[in-house]
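Note sheet for the following structure.
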Amino acid sequence: MGSFMTVSPMNNSPDGSTSTALATKLNADSLAHFSHTPEKIRIPKYDRTSVTNGIVHIGVGGFHRAHQALYLDNYIEKEMTQSTKSDWGICGVGLLKYDQKMKDALQSQDCLYTLVERSSEQDTARIIGAITRYLFAPDSSQAVIDQLANPHCKIVTLTITEGGYYVIEGTGEFDQNHPTIQHDLQNPDSPIGVYGFLTVALKQRKARGIAPFTILSCDNIQGNGNTARRMLTAFAHLQDPALAQWITERVTFPNSMVDRITPSTTAADIDMVSQQFRIKDSWPVVAEPFLQWVVEDKFCAGRPNWETVGVQMTDDVHPYEMMKIRLLNASHLLVGYLGSLLGYSYTSEAMANDLIQTATERLMDEVSPTLQPLPGIDIAEYKQTLLARFSNPKVRDQLSRLCLNSSDKLPKFLLGSLRDNLAAGRSVEYASFTVAAWFYYLKGKDEQGNSLPIDDPIADMLTEKAQSNGADPTSLLAIEALFGELSQSKPFTTAVKKHLQQLCSLNTQKALTNLLSLAESSHLEHE
């Protein structure tokens, strides 16, 4: 495995700040230098020139680099202690114009980057080498198609966010009228979207008699593989029904569950890597120590022996992903809205507020009856682990990240458990409060009157409804693409209206205090 070195003190500048003059630019030529520096850095110990890219990953961001790429780095390193080559390197692909920054960062560093794991006990740095190539589709769509159509490509992995699957919320249907989808249907040989690239590459493989690749979603969507399969085949059917049939018969779409809290990289993180580890890295990634990946073992073209590096292969991912999405991701929404409204910036700051922590615990308790039992998993212990992870002060997870794209996240993370509890006649108090907190957050101001940026695909419509309707949530609840039939549920709509009125008339702190007090009284009455 990689080498570890101890940290030596940095030289201080005359003004008392830490000098970064000794920081070395990260690239392939400097790896040898890092193997001899006194800082505590782990580096790849395999020959990256002997790695073939059997995996193409679409959507290279912080999470992929802290999660799947780390697992592959471990695997390649382990594999190449017994072999002279590996077929499981990663070619990263960026489809969107804003991926230009990632392209510039990775290509300038020979696709190397620093991963720092932070806990209250220590920081550990590691240089990851599993990504050996990066392609920017707006510059060369043909290069991306060629990489996907290459027989060496066995798996395509995706982190394209919840909204990247073009699912119409509320109906679950494919959004064939989306401009990106329409462009790719009309211009099959010059795609711009994920389904356009996948279908043109699969069409070429079919024509050449090359077996298809597996498509492995790593996004926070329950049944993410099933969703990818339904949406891709719907797209392919519109373009080429024969190809859609071939995909249905030949391509596999494993479901997976991924977990690691990975904040967006900040300028402070870049400085920390430079000062503490003397690595000049234009886009490092910071993450918590916790790491989990559960994958359905369904691969049509082979796969790495991931079990050897801690990936849990299973026949049924559903109970694991339900546990993670309904406990971790749903709780993140509540913490994000409440923390932002109360003026905090980071998750750990919000969790230091006893009211927010208690509300988070009670939302988890409300959701728990909807979960399936998992052998070897203690749900109560898992919830306590989540609270500790949320409270890690070294992982400065921005609340704005938790609130990002809420119109995509909330239906997937929260409304499923809410529906299940309604159907069973159980309480939906905390889930309803989370929805009301989102509506209040959409007004765009925290309790101190500071602006809250609403970063959402349908932000204009949401904020207009939130700001023009005061404490009445009716117009927001009527957005069928988000809430579907829930707008007709009296227990749900009544609870949301009650909580939103309290948030508007009292303020976040008092409304939250009332919620917790009423719930506590109700709990005592039932004892």
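The values are calculated or read from the model by the stated rules, or taken from the named source; none is laboratory data. Only a predicted model underlies this, so the values are computations on that prediction, with no experimental measurement involved. Here the Cβ is made from the backbone with ideal geometry for all residues, glycine too, and neighbour counts use every protein chain on show.
Observations, loosely collected:
- From Ser119, Ser141, Ser108, Ser86, residue being in contact with a helix residue (DSSP H, G or I) (Cβ under 7 Å, 6 or more places away or on another chain), of a type in the set (Ser, Thr, Tyr) and touching a residue at least 24 places away in the same chain (Cβ under 8 Å): Ser86
- Among the candidates Tyr71, Tyr75, Tyr166, Tyr134, residue that is in contact (Cβ under 8 Å) with a residue 12 or more places away in the chain, hydroxyl-bearing (Ser, Thr, Tyr) and on the phi > 0 side of the Ramachandran plot: Tyr166
- Residue that is nearest to Glu381 (Cα to Cα) [pool: residues in the stretch 281-311 that are among the β-branched types (Val, Ile, Thr) and crowded, with 17+ Cβ neighbours inside 10 Å]: Val294
A quick yes/no check of all residues on (1) farther than 17 Å from His64 by Cα; (2) modelled with pLDDT under 95; (3) in a strand (DSSP E or B):
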| position | (1), (2), (3) |
| --- | --- |
| Ile247 | yes, no, no |
| Val258 | no, no, yes |
| Ile261 | no, no, no |
| Met272 | yes, no, no |
| Trp283 | no, no, no |
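- Scanning the stretch 386-425 for residues that are touching a Gly at 6+ places or on another chain (Cβ under 6 Å) and among the acidic types (Asp, Glu) yields a count of 1.
- Members of the stretch 109-167 that are aromatic (Phe, Trp, Tyr) and part of a loop (DSSP other than H, G, I, E, B): Tyr166
- Every residue from the stretch 367-385 that is under 21 Å from Lys412 (Cβ atoms) and surrounded by fewer than 23 Cβ atoms within 10 Å (Cβ to Cβ): Ser368, Pro369, Thr370, Leu371, Gln372, Leu374, Ile379, Tyr382, Lys383
For (1) surrounded by fewer than 19 Cβ atoms within 10 Å (Cβ to Cβ); (2) farther than 30 Å from Lys394 by Cβ; (3) among the small types (Gly, Ala, Ser), each residue gets a yes or a no:
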{"site": "Gly129", "(1), (2), (3)": "no, no, yes"}
{"site": "Asp139", "(1), (2), (3)": "yes, yes, no"}
{"site": "Gln147", "(1), (2), (3)": "no, yes, no"}
{"site": "Glu162", "(1), (2), (3)": "no, no, no"}
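- Condition check for Asp99: touching a residue at least 12 places away in the same chain (Cβ under 8 Å), in contact with a strand residue (DSSP E or B) (Cβ under 9 Å, 6 or more places away or on another chain) and under 14 Å from Phe136 (Cβ atoms): yes
- Some residue of the stretch 401-409 being in contact with a Ser or Thr (Cβ under 8 Å, 6 or more places away or on another chain) and over 20 Å from Leu386 (Cβ atoms): yes
- Of all residues in the stretch 312-356, those satisfying the criterion of being within 17 Å of Thr157 (Cβ to Cβ) and buried (at least 20 other Cβ atoms within 10 Å of the Cβ) are Val317, Glu321.
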